[in-house]
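The values are calculated or read from the model by the stated rules, or taken from the named source; none is laboratory data. All values derive from a computational prediction rather than experimental measurement. Cβ placement follows ideal geometry from the backbone for every residue including glycine, while neighbour counts extend to all protein chains displayed.
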Amino acid sequence: MSFVIRQIAKRADGGDIIRTRTLSAPEISVGRGTDCDIQLADLGVMLRHAKLTQLAGGLVAVEATGGVPLEIDGKFVNRADLRVADRPGINLASHRLTLEPGDAAGDVAITAERVIAASDAADATAETEIFSLKGALPTKRVMAWTLGLAVLLLGLVLPVVTMLGRGTVDLPADMVAEAARPIPVVARSALQRALGVAPATARTAMQPDIVWTSGPMSGAHAGITNSCGACHQAAFVSTTDSACTACHKQSAVPDHAAAERMARGRFVPTGLGAVEAGIHKAVGLEQGRCAGCHKEHEGPGGALMVAQSFCTDCHTGLDARLTDARIANVESWETHPQFKATLVAAASDSAPRFERVSLDARPKEASGLIYPHALHLSKSNSVANMVQKQGLPAQNGALGCNYCHVADSDGERFKPIEMGANCGACHDLAFARDGGVVRTLPHGKPAQVAGIVRDFYLSQALAPRAGVQRLAFERRAPGRMAEVEAQQLRLSGISDARSRAEAAVDQIFSKDGVCADCHQVQRTGAANLAERWRVMPVTLADHYLPKGRFPHRQHDIYDGKTGDAACVGCHKGVPTSKLATDVLLPPVAQCRDCHGSSNVKTNVAATCDTCHGYHSGTDGATTVVAGRAGGSTTQPGRKL
Amino acid sequence: MATRAPRTMSGKAVRRAPRDITHEGFLTHGGMRWAKVAGGLSVLATLAYALTDQAPRPNGGTALGYLLGTVGLLLIVWLSTIGLRKRIITSRPYSLKAWTSAHVYLGLSLIVIGTLHAGFQLGWNVHTLAWVLMMVVIVSGIYGVVVYARLPAQLSANRGEATQPQMLEAIRTLDRQLDTAAQPVGKGEADLVRLSLEECEVSGGLWQRLTARHPRCGNARARDAIQALVNEQMRRGPPDPALTQISFLLERKDAALAQARRHIRLKTQLEIWLYLHVPMTIALLVALTAHILSVFIYW
């Protein structure tokens, strides 16, 4: 009945030192204390940790004596009877006691060994880890590979795969439809501002190649920010015009001029500019591409942020390169040439002739109409009286400008002037009263007028009716008609009727007649009454400065004035003009009163595109028929 | 610059080539030659940027933008070769000191060149990523220059004559002494000593290395608790000699730990920037490749 104790200690070189003792006692103590039978130098072990007692039948009673339970087969117990034949193990802190039958019958062999190595934080091999960052961070090599591969994947591989795998690009249908429409004039003048504040929200799904974007898109294109492939269609090929015109149809953005003329007129850079141009040309970035002017990825205003120099580069000294140019050179707003108005040179019913003439030449216009502005804008004459009686729109007692000049829907220009709408209220063509019906002569049809008058007299001679009166053409206030000619028209016979009819027609067309108020009338001397008089044609220009735009509505208030005062603020000659041949357009100096150079601090900035469009067709709004500066052009004119 | 000694073996003593006696660091190398070059480059780039009409606005796509971009690219590629250069032991064509001087100053000029190349336009894209990585590399480099100039003196002062293994050995010896000294004491006291032995890290994580602060240090906790016990016993009579010995050992270990941890803090501060500088440089080179390829792919 002995305990055979084998204590195993580790040598420095890793080998074991085994010390064996035999204790002939039925009970032994285990602990850290020096008085224990099995002393374990382990601070986790109590001074007196446990007591082992041999029992009969190959059992050993184990009892915790230090107040700390013992760990036996994974369970913590305060006492247990162990069968030695089962070779049970007892864990005490870092040590383990293994019980087994001894060599002699009845002996119990106990092996005590440290199973958890003593903490030895300062291992010599740990020096590098402790003193260098190797112990706290991944190595630089690992970090470099990780970061490098992450950047490669997200910055290059994924975008390239996306680009190569892309089929067609779906764009929002409404945006495509919008792009195909010509930009309305009224929108165009406010376009840049509008686009500048448009919120930049993408409307298509984000794709990995978005990381290649070089900056925010313009307001107009913000919706397709994520659709790189819409514009960047082929690798290593700069955005082509065809990518632009896929949505922006040619009809919506017409060319500035014929390609051949553009090529000739384009300025030739010198010095470093020539080098740059040469490089551009060598790499396929030809001048005149859409993207040459419309730079994207430059922020909300980007695509329309066109520098003034883009215009003046070519328009400075243009006449030297494009010798047949019919427009003057423009170097800057300060030296902008005097306006050349498109004036009617010869009125015609079918083919009126127009000329562009500088306002400096104090030109006259040959519209064919007789219309003294001064007479119609008087506050005290018969016109003013008529305006008052008829209740026509008046300003300070005179006929308002806007009675005849009615703003069009854009508020940019004015509706065409029509005899019926704008003149007819006073210039009445009623010639007879037939019972309850007032008979009116048709405007613009002299032969019809002669026929109607002749038939009127003949019918009255053949079958006289009561209540038929001939009316005079003097302009008068309504209600005074009867007083002027209240007599019943009575004719003595056919020949009387014929001569009365001829006299009436001659009276209508003659110098004192109703037509000659506004028209030049020619007597042809023809025997046929219907061909005896000819009214000379009238052509009214409907766009004096077609190469620019002037949104009149934005100028409703001018120099603190409103209404007609604002109109004549610029059209200064109007109140005193006695002839329709007067050209009453303001000169360019008038604009400069408010619109200073973009470089000079004035009330309103003026860049080229304040007034001019680039995509206005190959020759502004007019069509060239005969080319030379100041030459003749035709435009769809109107006759009155 | 040292002139080369004649290699003739005439029997007379060969005269040593005269060397600079006084130390000249890389920052002041060659009369700040590279500082002047880099400064001139930056001024030139700034003037060109200010005086050139870049329509519609400055960015990498204008003529000047391409020029600055090319210069920047060449600089970055050259700057990144210092890792190769420093592994080649040679004095030609430039000494490593001259190379380092140029590396530092030309690297600084990249702040100007890179930013002007970008035209101050930054966004969420691979181009700005390259700029940000470049700036991280430069700023970490500036930090590196500063700590290289200041910390070695502190490092030297802190370690005294002790080497790193000696610092560790001191702690290890104290641990062994503590283990022995604690064998006779009861469980409560022994557990306190185990705090010092088992829950006391010399280095710790990155933050602890950078600050040298270990608020939960087992040794400090053990020291305070044992000291309190000793004080308690002293009020009643002579304290347990074992405890007094443990207290003394814990104090000594505390001092040894403090020295080692200060050493670690200084070394960490000296090393940490390279953990940004080098991997970020590699990432920058990749981002730069993506940047250049992408602008030409999506031209």
Assuming B:GLU198 fulfils every condition listed in (1) closer than 30 Å to B:ILE272 by Cβ; (2) in contact (Cβ under 8 Å) with a residue 40 or more places away in the chain apart from one, which condition is it?
(2)
Based on this model, can you work out whether B:ARG262 counts as within 14 Å of another protein chain (Cβ to nearest Cβ) and within 38 Å of the chain's Cα centre (by Cα)?
yes
So how many residues does the range B:49-94 have that are over 19 Å from B:PHE26 (Cβ atoms) and either free of Cβ contacts under 8 Å to residues at least 40 places away in the same chain or surrounded by 15 or more Cβ atoms within 10 Å (Cβ to Cβ) (or both)?
27
Unique residue being of a type in the set (A, V, I, L, M), more than 10 Å from every other protein chain (Cβ to nearest Cβ) and out of contact with any Leu (no Cβ under 7 Å at 6 or more places or on another chain) when the list is A:ALA85, A:ALA93:
A:ALA85
Given the condition away from chain A (no Cβ under 11 Å) and either small (Gly, Ala, Ser) or without any contact (Cβ under 8 Å) to a residue 24 or more places away in the chain (or both), answer yes or no: does some residue in the range B:268-289 qualify?
no
What number of residues within the range B:206-259 satisfy the criterion of being under 26 Å from A:ALA136 (Cβ atoms) and among the charged types (D, E, K, R)?
7
Tell me, yes or no, whether the range B:120-129 has at least one residue that is farther than 25 Å from B:SER42 by Cα and within 12 Å of chain A (Cβ to nearest Cβ).
yes
Among the residues of the range A:262-289, write down those that are part of a helix (DSSP H, G or I) and surrounded by fewer than 17 Cβ atoms within 10 Å (Cβ to Cβ).
A:MET262, A:ALA263, A:ARG264, A:LEU272, A:GLY273, A:ALA274, A:VAL275, A:GLU276, A:GLY278, A:ILE279, A:LYS281, A:ALA282
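Answer yes or no: is there a residue in the range B:122-131 that is under 23 Å from B:GLY30 (Cβ atoms), hydrophobic (A, V, I, L, M, F, W, C), at pLDDT 95 or above and within 24 Å of the chain's Cα centre (by Cα). Write out each step before concluding.
Initially, the range B:122-131 is screened for residues under 23 Å from B:GLY30 (Cβ atoms), giving none.
Within the range B:122-131, not a single residue is under 23 Å from B:GLY30 (Cβ atoms), hydrophobic (A, V, I, L, M, F, W, C), at pLDDT 95 or above and within 24 Å of the chain's Cα centre (by Cα).
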Here the residues within the range A:371-403 that are among the aromatic types (Phe, Trp, Tyr) and within 43 Å of the chain's Cα centre (by Cα) are A:TYR403
Pairs returned, first residue in the range B:169-181 that is farther than 17 Å from A:ASP42 by Cα and more than 7 Å from chain A (Cβ to nearest Cβ), second residue that is of a type in the set (A, V, I, L, M, F, W, C) and part of a helix (DSSP H, G or I), beta-carbon separation under 8 angstrom, 6 or more apart or interchain, are B:ALA170/B:ALA256
Would you mind stating whether A:ARG439 is at pLDDT below 85, basic (Lys, Arg) and surrounded by fewer than 19 Cβ atoms within 10 Å (Cβ to Cβ)?
no
Filter the range A:245-261 for residues that are surrounded by 18 or more Cβ atoms within 10 Å (Cβ to Cβ) and touching a helix residue (DSSP H, G or I) at 6+ places or on another chain (Cβ under 6 Å); the one that is nearest to A:GLY288 (Cα to Cα) is A:HIS248
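Are any of the residues in the range A:42-56 within 12 Å of chain B (Cβ to nearest Cβ), in a strand (DSSP E or B) and in contact with a Gly (Cβ under 8 Å, 6 or more places away or on another chain)? Full working, then the answer.
Taking the range A:42-56 and keeping what is within 12 Å of chain B (Cβ to nearest Cβ), we get A:42-49.
Restricting the remaining residues to those that are in a strand (DSSP E or B) gives none.
No.
Would you pick out the residues in the range A:1-52 that are among the small types (Gly, Ala, Ser) and surrounded by fewer than 20 Cβ atoms within 10 Å (Cβ to Cβ)?
We begin by selecting, within the range A:1-52, every residue among the small types (Gly, Ala, Ser); these are A:2, A:9, A:12, A:14-15, A:24-25, A:29, A:31, A:33, A:41, A:44, A:50.
Residues satisfying the conditions are A:SER2, A:ALA9, A:ALA12, A:GLY14, A:GLY15, A:SER24, A:ALA25, A:SER29, A:GLY33, A:ALA41, A:GLY44.
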Considering the range A:372-413 alone, what residues qualify as being closer than 14 Å to A:GLY563 by Cβ, modelled with pLDDT of 85 or more and among the polar types (S, T, N, Q)?
A:ASN402
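Could you please find all residues in the range A:407-429 being hydrophobic (A, V, I, L, M, F, W, C) and surrounded by 14 or more Cβ atoms within 10 Å (Cβ to Cβ)?
Answer for the range A:407-429, where residues must be hydrophobic (A, V, I, L, M, F, W, C) and surrounded by 14 or more Cβ atoms within 10 Å (Cβ to Cβ): A:ALA407, A:PHE414, A:ILE417, A:MET419, A:CYS423, A:ALA425, A:CYS426, A:LEU429.
Tell me yes or no: at least one residue of the range B:100-109 is closer than 23 Å to B:GLY31 by Cβ, aromatic (Phe, Trp, Tyr) and at pLDDT below 95. Break it down into steps so the answer makes sense when it comes.
Keep residues of the range B:100-109 that are closer than 23 Å to B:GLY31 by Cβ, which gives B:100-109.
With the extra rule that they be aromatic (Phe, Trp, Tyr), the set shrinks to B:105.
From what's left, at pLDDT below 95: none.
No, every residue in the range B:100-109 fails to be closer than 23 Å to B:GLY31 by Cβ, aromatic (Phe, Trp, Tyr) and at pLDDT below 95.
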State whether one or more residues within the range A:134-155 are within 14 Å of chain B (Cβ to nearest Cβ), surrounded by fewer than 18 Cβ atoms within 10 Å (Cβ to Cβ) and touching a residue at least 24 places away in the same chain (Cβ under 8 Å).
yes
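Would you check if there is a residue in the range B:143-163 being under 17 Å from the mean Cα position of the chain (by Cα) and buried (at least 20 other Cβ atoms within 10 Å of the Cβ)? Working first, answer last.
Pass one, the range B:143-163, residues under 17 Å from the mean Cα position of the chain (by Cα): B:143-156.
Restricting the remaining residues to those that are buried (at least 20 other Cβ atoms within 10 Å of the Cβ) gives none.
Checked the range B:143-163: no residue is under 17 Å from the mean Cα position of the chain (by Cα) and buried (at least 20 other Cβ atoms within 10 Å of the Cβ).
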What's the number of the condition A:GLU298 fails, among (1) of a type in the set (D, E, K, R); (2) farther than 21 Å from B:ILE292 by Cα; (3) assigned to a loop (DSSP other than H, G, I, E, B)?
(2)
Quick one: would you say A:SER499 is modelled with pLDDT of 85 or more and of a type in the set (Ser, Thr, Tyr)?
yes
Quick check on A:PRO254: is it assigned to a loop (DSSP other than H, G, I, E, B) and in contact with a strand residue (DSSP E or B) (Cβ under 8 Å, 6 or more places away or on another chain)?
yes
Residues of the range A:522-558 satisfying the condition of being under 46 Å from the mean Cα position of the chain (by Cα), without any contact (Cβ under 8 Å) to a residue 24 or more places away in the chain and assigned to a loop (DSSP other than H, G, I, E, B)
A:ASP556, A:ILE557
